[in-house]
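Below: the structure, in structure tokens.
Just so it is clear, none of the values below were taken in a lab; they were calculated from the coordinates. Note that the coordinates shown come from a computational prediction; the quantities given were computed from them, not determined experimentally. Neighbour counts are summed over all protein chains in view; Cβ atoms, including those assigned to glycine, are modelled from backbone coordinates with ideal geometry.
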Amino acid sequence: MNRIFYEIFEQMPRQGPGKSEYTKRALSFCQLPPKPQILDIGCGTGAQTLSLAESTDGLITAVDNHGPFLKELSEKAKALGLDSKIQVLHGDMNRLGLKQKFDLIWSEGSIFVMGFEKGLREWKKFLKPDGFMALTEVAWIKDNPPTEALSFWEQEYPAIKDISSNRDIIRSAGYSLIQDFIMPKDAWDDFYSALKIIIHKIKSKDLKNQQALNTIGMFEREVKAYQRFGEFYGYVFFILLNYGS
Ligand SMILES: C[S@@+](CC[C@H](N)C(=O)[O-])C[C@H]1O[C@@H](n2cnc3c(N)ncnc32)[C@H](O)[C@@H]1O
């Protein structure tokens, strides 16, 4: 990722579509023990980490490979008096090297980095038997998307699947699917509104850097694609149980 990419995302309230309300809805399906140990993978600046900390009495280990996101999360946690419930870990989700097993693994908008199936299989070793996992993955949510939408996603994330294929992957990776729901459109609207404001600010500085312009162009295409074809794809929250291992 280039500098401008991080400059944009460091200013965003969150780094992917989401909302505290939907984090809490997903959490309501997880039956957790008192003081649960929670691992939040690809936490970004931690919008969902803070929601989890508000709603649980356990300890959250929030992992990301971008240090400034973690610094921001630590500062917010402190300001909200939630710092005793959150510890940040600067690390790579591909090589977590944790000895501990968790009651809950959370990952909003991040498992795509490893790939949905690979992430599910690799992270299982960090989950206690009967532990829960909650994640979001972009998916086709309506049949027969137009060719332009297909070719947009062919470039962005060719591994995108429909919900039913993701459910099959979940089961074959050794989990029970407890619940899934499509994240409502307002999560995307909020995300893109914030993105458009930041892009406008950056563009209004005399921008000559071609790499920066390319990055901004990529985000603008993403926003436009959602405006045109957003009814065909969305983030799906999957809540899983790690049975019998
Ligand atoms: C789309 S953002 C989602 C962030 C946050 N969960 C949210 O929903 O606002 C993906 C996050 O994964 C992090 N990330 C990307 N590659 C990673 C890796 N290899 N290991 C750990 N984190 C990674 C990024 O820094 C970013 O914070």
Long-range amide H contacts for THR61: which residues qualify at under 5 Å (H placed 1.01 Å from N, peptide plane, sequence gap of 5 or more or a different chain)?
ILE38, LEU39, ASP40, GLN87
By Cβ neighbour count within 10 Å, fewest first, MET133, MET218, MET183, MET114 rank MET218, MET114, MET183, MET133
Amide H of PHE102: which non-local residues (sequence gap of 5 or more, or other chain) have their own amide H closer than 5 Å, using H built in the peptide plane?
LEU127, LYS128
When DSSP beta bridges are limited to those with both residues in the chain, what percentage is antiparallel, rounded to the nearest 5?
45 percent
Looking at the chain, which longest stretch skips every one of the trypsin sites (Lys or Arg not before Pro) that is in a DSSP loop with at most 16 other Cβ atoms within 10 Å, leaving the sites themselves out?
1-98
In deg cm²/dmol and to the nearest 500, what is the mean residue ellipticity at 222 nm of the chain if only DSSP H runs of at least 4 residues count, each as -39500 (n - 2.57), divided by the residue total?
-13500 deg cm²/dmol
What does the extension gain come out to for ASP57 and PHE5, with contour length at 0.36 nm per residue minus their alpha carbon separation?
15.3 nm
Using the Cα gyration tensor of the chain, the equivalent ellipsoid's semi-axes, largest first and to the nearest Å, work out to 29, 23, 15
Listed by chain and number, the residues whose amide H is under 5 Å from that of TYR233, excluding neighbours fewer than 5 places away on the same chain and using placed H, are ILE141
Can you give the extra length, in nm with one decimal, that the chain gains between LYS185 and ASP143 once fully stretched, where that is 0.36 nm per residue apart less the Cα-Cα distance?
13.4 nm
Net charge near ILE38 (other residues with Cβ under 11 Å of its Cβ; Lys, Arg +1; Asp, Glu -1) is -1
Compute the distance in nm between two label points, each set 7 Å from the Cα along the Cα-to-Cβ direction, one at ALA159 and one at ASN214.
2.3 nm
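Can you put VAL63, VAL223 in order of Cβ neighbours within 10 angstrom, beginning with the fewest?
Ranking VAL63, VAL223 by Cβ neighbours within 10 Å, fewest first, gives VAL223, VAL63.
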May I ask which of LYS101/LYS196; LYS24/LYS208; LYS76/LYS101; LYS19/LYS78; LYS24/LYS78 have a Cα-Cα span longer than 32 Å here?
LYS101/LYS196; LYS24/LYS208
Out of PHE5, ILE86, SER110, whose Cα points farthest toward the positive end of the dipole of the chain (charges: +1 Lys, Arg; -1 Asp, Glu; placed on Cβ)?
ILE86
So, with +1 on the Cβ of K and R and -1 on the Cβ of D and E, and no other charges, what is the size of the charge dipole of the chain about its Cα centre, to the nearest 20 debye?
420 debye
